[in-house]
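Below is one structure, written out as structure tokens; the observations come after it.
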Amino acid sequence: GGSGPQRISHCNDDDIFGIKQVNYPRELKNHALVRFNARKHHDITFPVPAGFAQEVVSPLSSTVQEQEEPMETMLQHLDVWSRSSASDEVLAHFTASQFERFERAMHLKGIPEGGDDWQVIERDLQRVADEDANNIYMTSLLTRAEEVISLWENKHHNKDKKKKRVDFDTWFKNYHPHNEIKDFYLQIADDYPDLVTYIPSIGQTVEGRDIFAIKLTAKEHDGSIKEKPQIWWQGLQHAREWAGGSTVQFLTHHLTSNYGKNDNITAILRDTEFVIVPIMNVDGYDYTWNNNRLWRKNRRQNGLGAYGVDLNRNWDDHFGQGGSSGFPWSETYHGPSAASEPEVQALQKFFSEQKRIVGAIDFHCYSQLVLRPQGWTTQLSPHEKEHKFVGDRIVSIIKNVHGKKYISEPSVALYKTTGAASDWFYGDQATAANNGQHVYSYTIELRPSDTNPGGRSGFILPPEEIIPLGEEIAQAMEFFVDYVVKNPLKN
């Protein structure tokens, strides 16, 4: 009826220990996850909403001045989770109406489900989101119960201790919403004042939320910070990629808690300053906790019922030159103009103010990839040799920790992208602002692999993998930081 989306509750008492159950509206009801041959079935069309010009859906590239190939035009309508350039196989999220149209087209072609042409991996993504919400809730209850028991058992020892915002001992057993992550970084700043400077806001989101950041380095005895080479880390540019956020948190805790205990980390923090933006897409991330677990973009109102700009297609580097979409409903909608989004404006400005950055990483998930410049062209970057060496070493180190196999490759080898953060970090605009110093720049796509059995988990990585994921990335990042600081790119 007209009453809007209805919520369901997984637990009658959803406020045990002050922990509330996430109860999603039915935004993903009957949405399907489908693996299919996109090139073979590119002729499947989806309706363009009334009032939106058809020519904008398939824009002419400003560089090659030719029509997008039919497969790319079709994929603009879908939420593509992974794709293989070798086989044209795509794993994509279909809305209920899109799946109905796709299924009907396959039926008319006489192609049954289950073969090489198409296979349904999940028929109702709402169920997956609800299972994840229940898993998060039950994990939170168990963790909180363990904390209460520990407090009771050590009540005499703990009676004079100041109550903290978060418990670092249990933090990485689960994922956390925006307000709790902010408390995590405030607690880090409280506990390690000689290392951490908390910055309440570097700018605001489209809905007016503050984007916070921290700087992390060993301060001088008087509290000042001498000029050092800088490393830039950012997470949660895509809202649903929670493992990217937890990994940035893990790295922050790994560095701070081991300073003065581990010789390598102590040396790194004495010689390097980290600039960290833990949650770039605050609005979108909140939306994944309250409305739609699989939301990707920011929350820009595009008109005609379309929401969101893909922030990782909005950076001011070869904007709109392929590998993104001018269709406001697309998951890769690049926005109306380069750096149109306040989130991107804030990070470009903050990056440009630093002046001493030698390495930058944008953490994403999933697919287990270490992607280096460039994404906008198949031509090798001027620093391909250096970028490849570091990317290959990162992959090798990760494998040595828990055996996970990542792939090191140029971004364009996965698929073409323009207006992406990692290209901007390496590109002309950022280099000019960075005193002419080029930056080792990477997008790291974290666990799981896109060949995970069934491919179902995708963006929803179980909480029990947070710590092993953090451990393998932490080891790789110790190498990355040490190497790029000592071997900056030569211009």
Of all helices (runs of 4 or more DSSP H) fully inside the range 168-287, the set with 2 or more residues that are of a type in the set (A, V, I, L, M), in contact with a Cys (Cβ under 8 Å, 6 or more places away or on another chain) and surrounded by fewer than 24 Cβ atoms within 10 Å (Cβ to Cβ) is none
The residue from 374, 475 that alone is within 27 Å of residue 334 (Cα to Cα), out of contact with any strand residue (DSSP E or B) (no Cβ under 6 Å at 6 or more places or on another chain) and either in a helix (DSSP H, G or I) or of a type outside the set (Lys, Arg) (or both) is 374
Residues in the range 79-100 that are open to solvent by 70 Å² or more (accessible area, probe 1.4 Å) and closer than 22 Å to residue 323 by Cα total 3
Taking the range 463-473 and the residues there that are crowded, with 19+ Cβ neighbours inside 10 Å and of a type in the set (A, V, I, L, M), the one that is farthest from residue 169 (Cα to Cα) would be 473
Considering residues that are over 15 Å from residue 297 (Cβ atoms) and in contact (Cβ under 8 Å) with a residue 24 or more places away in the chain, the number found within the range 311-338 is 9
Would the range 398-409 turn up any residue that is among the aromatic types (Phe, Trp, Tyr) and in a loop (DSSP other than H, G, I, E, B)? yes
Per the filter on the range 474-491, residues open to solvent by less than 50 Å² (accessible area, probe 1.4 Å) and of a type outside the set (Phe, Trp, Tyr) are 474, 476, 477, 478, 481, 484, 485, 489
Of the residues in the range 29-68, those that are in contact with a strand residue (DSSP E or B) (Cβ under 9 Å, 6 or more places away or on another chain), hydrophobic (A, V, I, L, M, F, W, C) and modelled with pLDDT of 65 or more come to 32, 33, 34, 36, 38, 52
Among the residues of the range 419-438, the number that are outside any helix (DSSP H, G or I), small (Gly, Ala, Ser) and buried (at least 16 other Cβ atoms within 10 Å of the Cβ) is 3
Residue under question is residue 103, and the condition is that it be open to solvent by 20 Å² or more (accessible area, probe 1.4 Å), among the acidic types (Asp, Glu) and more than 19 Å from residue 327 (Cα to Cα); does it hold?
yes
Restrict the check to the range 380-393 and report whether at least one residue is of a type in the set (Ser, Thr, Tyr), farther than 29 Å from residue 228 by Cβ and not in a helix (DSSP H, G or I). no
Within the range 110-129, the residues that are open to solvent by less than 80 Å² (accessible area, probe 1.4 Å) and in contact (Cβ under 8 Å) with a residue 24 or more places away in the chain are 117, 118, 120, 121, 122, 124, 125, 126, 128, 129
At pLDDT 95 or above, over 21 Å from the mean Cα position of the chain (by Cα) and open to solvent by 10 Å² or more (accessible area, probe 1.4 Å): does that describe residue 290? no
Filtering the range 377-390 down to residues that are more than 19 Å from residue 485 (Cα to Cα) and either open to solvent by less than 70 Å² (accessible area, probe 1.4 Å) or in contact with a Cys (Cβ under 6 Å, 6 or more places away or on another chain) (or both) yields 377, 381
(1) among the hydroxyl-bearing types (Ser, Thr, Tyr); (2) out of contact with any Pro (no Cβ under 7 Å at 6 or more places or on another chain); (3) buried (at least 19 other Cβ atoms within 10 Å of the Cβ) all hold for residue 441 apart from (2)
Residue pairs within 7 Å by beta carbon, gap of at least six or interchain, first lying in the range 391-418 and open to solvent by less than 40 Å² (accessible area, probe 1.4 Å), second of a type in the set (Asp, Glu) and at pLDDT 95 or above, listed first then second, are 398/472; 408/392
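The values are calculated or read from the model by the stated rules, or taken from the named source; none is laboratory data. These figures come from a predicted structure and were not determined experimentally. Here Cβ is always computed from backbone atoms with ideal geometry, including for glycine, and neighbour counts include all displayed protein chains. Accessible surface areas use protein heavy atoms only, side chains included; no ligands, DNA or RNA. Shrake-Rupley method; radii C 1.70, N 1.55, O 1.52, S 1.80 Å.
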